[in-house]
Each structure stands twice: as structure tokens, then as C-alpha cells.
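K.L.:
Have a look at the structure that comes next, please.
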Amino acid sequence: MLRYSLWLKSVSHAATELDSVRPQSAGEEQLHLQLALAISKEEHDREERRRRAEEAKEEAKVQMVIEQSRREEQVITYFSLFLILRISKKAKNIRANNCFL
């Protein structure tokens, strides 16, 4: 019985608290709604800014990888040309030496 009495007091206290925060007029309710909407919009805008910043970071990473890939491809191309020229030069030297034999 004591537990029920404590529970009843707790429920009664919660109901009283709820009544104390409930808007007392239509104007006050309108202010509560406007405040809730403003808070929600601010949270949305903050999340949107965070998401855009994250996307910008990811885009920067992608651009860095693309640029690194281009540089590596350029090095490979230059090295390939170097090897081709070197082989070509050796081939010319061999042909020139064979002509004198």
C-alpha cells in the first residue's frame, strides 16, 4: 500500500509538472512552436554544414588521388620514352658497328 501511495504521489507530481510547462495561452503555444521550429531549423542547418564540409574533404581527397595518379602516369610515360630512346640509341650503335665489320 505504501508503494502505491508513493507511486500515486509521483504520478501526481509529474502531472503537476506537466501542467506547469504546458502553454497557458494560444500565444504562448505559438511561441513554443516557433521556438521548437527555430531549434529544429538550426540543428538541420548545422548538420547540413557538417555534411557539406565532409563532402568537401572527400572531394579534396579524390582530387589529390587523381593528381597523384596523373603524376605517376607522367613519370611512367617519361621513363618509357627514356627506355625507348636508350634502346633506339643502342640499336643504332649496333647497326653502325655492324656496318664496319
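K.L.:
Looking only at region 21-52, which residues are aliphatic (A, V, I, L, M) and either in contact (Cβ under 8 Å) with a residue 60 or more places away in the chain or loosely packed, with under 10 Cβ neighbours inside 10 Å (or both)?
P.N.:
Step one: filter region 21-52 for residues aliphatic (A, V, I, L, M), giving 21, 26, 31, 33, 35-39.
V21, A26, listed by residue number.
K.L.:
Please find, among S80, S88, S69, the residue that is part of a helix (DSSP H, G or I) and modelled with pLDDT of 95 or more. Spell out how you get there, then give the answer.
P.N.:
Numbers: S80 fails: modelled with pLDDT of 95 or more; S88 fails: modelled with pLDDT of 95 or more.
Answer to the selection: S69.
The values are calculated or read from the model by the stated rules, or taken from the named source; none is laboratory data. Worth saying up front: this structure is predicted, and the values here are computed from it rather than measured. All Cβ positions, even for glycine, are placed from backbone atoms using ideal geometry, and neighbour counts span all protein chains on display.
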